[in-house]
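The numbers here are math on the coordinates, done by the rules we state, and not lab data. All of these numbers come straight from a predicted model, not from anything done at the bench. With ideal geometry, Cβ positions are generated from the backbone for all residues, glycine too; neighbour counts draw on all protein chains shown.
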Amino acid sequence: MKQEWIDLCAVIVAAASAVGKKESDGPLGELFDLRDDTDRFGAKTWEGAESEMQRMAFNTAMARMGVRDGDVGALFAGDLLNQCVGSAYGLLSFDIPYFGLYGACSTCAEGLLLASMTVTGGFYSLCGAVTSSHYCAAERQYRTPIEYGAQRSPTAQWTVTGAGAFLIGTETAHPTARAVIRRALPGRAMEKGVNDAGNMGAAMAPAAADTLVRFFNATGTHPADYDLIVTGDLGFEGGDILCELMRYEGFPIINNYTDCGQLIYDRKRQDVHGGGSGCGCSAVVLAAHLLPRLERGELRRILFLSTGAMMSPDSIKQGQNIPAIAHLLEIEHKTQHS
């Protein structure tokens, strides 16, 4: 039988985050590196603002590590916009080979997984992974412009205005890095009959459960072996469904489970209904909140899953069911294996 998971030898060397006003007003607001209360980041359009967030976040991550374009072998980046234009325009100024990704809200874990595989395989010694989303740009593409004032359903999630950037290298080249990506499990695209774009958590939860169950069965691990199991971003509705699915499968996670879409906003005070969503959601929560806790040793071993609902504006109009995917990373504090 083939080994399902991927053994890796990669470290997260540097990370940076950029967010808008609603995110900076939330519970994690003081942790983000860059914040703009106008959500525009000096750009004339919402799409331009998203590109600028990516540029600023990646530039900050490189400055934090003290490297330049020539030191980074490849960039893996993506966003929610058609043809990934947020990433393509945002990263134009960097003279680095570029791989555009589309995994919807799973793009953060997808980019980190591919970057980790690349450095583990010895193809490059250092890679970047960048992703973003913008509330106003996503609303215009998938639903209606915010000026329209459409009413949101109770299960609808709020697209995060944010960008997260990461630099990934090898343990041997970066011995002081503390966050180690040990194993990964790529997700499988699936759909379970959900076609409500206002309830993406329900569409994505089965994919998260599938990836988690496969990982536990393949590795012989159990939820209790991890300090935290983090999805991003099922929100409150999808998170409840996932916990119930995992209980049914014999892997209860409720005692050490959380979701990036639940962490980034204050649900009652900020009126976000089902919680946060968008490519930027899990990216900025990982960069600003989870990684520092891992680096300090507060968290020793976590499972991080970015979940994506991979519909398009046309597939929504056509009433098609929503495919979903969840990619998993096992991330540890370095002393775990020392």
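Note on the chain: with a GNM built from Cα contacts shorter than 10 Å, the maximum mean-square fluctuation among P206, P186, P175 falls on P175. Here is how the number arises for the chain: DSSP H runs of 4 or more residues each give -39500 (n - 2.57), the sum is divided by the residue count, and the result at 222 nm is -9500 deg cm²/dmol.
Within straight-line reach of K44, meaning a Cα separation under 21 Å, sit the following lysines at least 8 residues removed in sequence or on another chain: K21, K22.
Straight-line cross-link partners of K192 among the lysines, defined as a Cα under 26 Å from its Cα and at least 8 positions apart when in the same chain: K317.
To the nearest 0.05, how large is the calculated FRET efficiency for V85 and I316 if R₀ is 22 Å and r is the Cβ-Cβ distance? Could you put the intermediate results ahead of the total?
Working: r = 19 Å, r/R0 = 0.88.
After rounding to 0.05, the efficiency reads 0.70.
DSSP beta bridges in the chain, what fraction antiparallel, as a percent rounded to 5?
Values: 38 of 59 bridges.
The antiparallel fraction comes to roughly 65 percent.
Screening the chain for whole DSSP H helices with an alpha carbon extent of at least 18 angstrom along the helix axis and a mean Kyte-Doolittle hydropathy of at least 1.0 yields 107-120. When a/c reaches 1.5 or more, the comparison of a/b and b/c decides; with that in mind, is region 1-47 rounded, prolate or oblate per its Cα gyration tensor? Prolate, since a/c reaches 1.5 and a/b exceeds b/c. Taking a ≥ b ≥ c as the square roots of the Cα gyration tensor eigenvalues, region 98-149 comes out prolate, since a/c reaches at least 1.5 and a/b is larger than b/c. Taken as Cα centroids, region 41-62 and region 187-229 sit 31 Å apart, rounded to the nearest whole angstrom. When you filter the chymotrypsin sites (Phe, Trp or Tyr not before Pro) in region 63-164 for DSSP loop state and at most 14 other Cβ atoms inside 10 Å of their Cβ, you are left with F123. Taking the charge dipole of the chain about its Cα centre, with +1 at Lys and Arg Cβ atoms and -1 at Asp and Glu Cβ atoms, the residue from Q151, M190, C127 reaching farthest to the positive side is C127. Note on D266/L92: beta-carbon distance plugged into 1/(1 + (r/R0)^6) with R0 of 30 Å gives a FRET efficiency of 0.25. Calculated FRET efficiency, E244 to E295, Cβ-Cβ distance, R0 = 41 Å: about 0.80 to the nearest 0.05. A Cα-only calculation for region 6-170 places Rg and Dmax at 15.9, 51 Å.
Regarding region 222-338, what is the average projected area of its C-alpha convex hull, in nm²?
On the way: hull surface 34.1 nm².
Averaged projected area of region 222-338's Cα convex hull equals 8.5 nm².
Taking S153, S125, S116 as the candidate residues, the one with maximal mean-square fluctuation in a Gaussian network model of the chain, Cα springs under 10 Å, is S153. Could you point to the residue in Y265, P292, P252 farthest towards the positive end of region 196-296's charge dipole, with +1 and -1 charges on the Cβ of Lys/Arg and Asp/Glu respectively? Checking the options against the dipole of region 196-296, the answer is P292.
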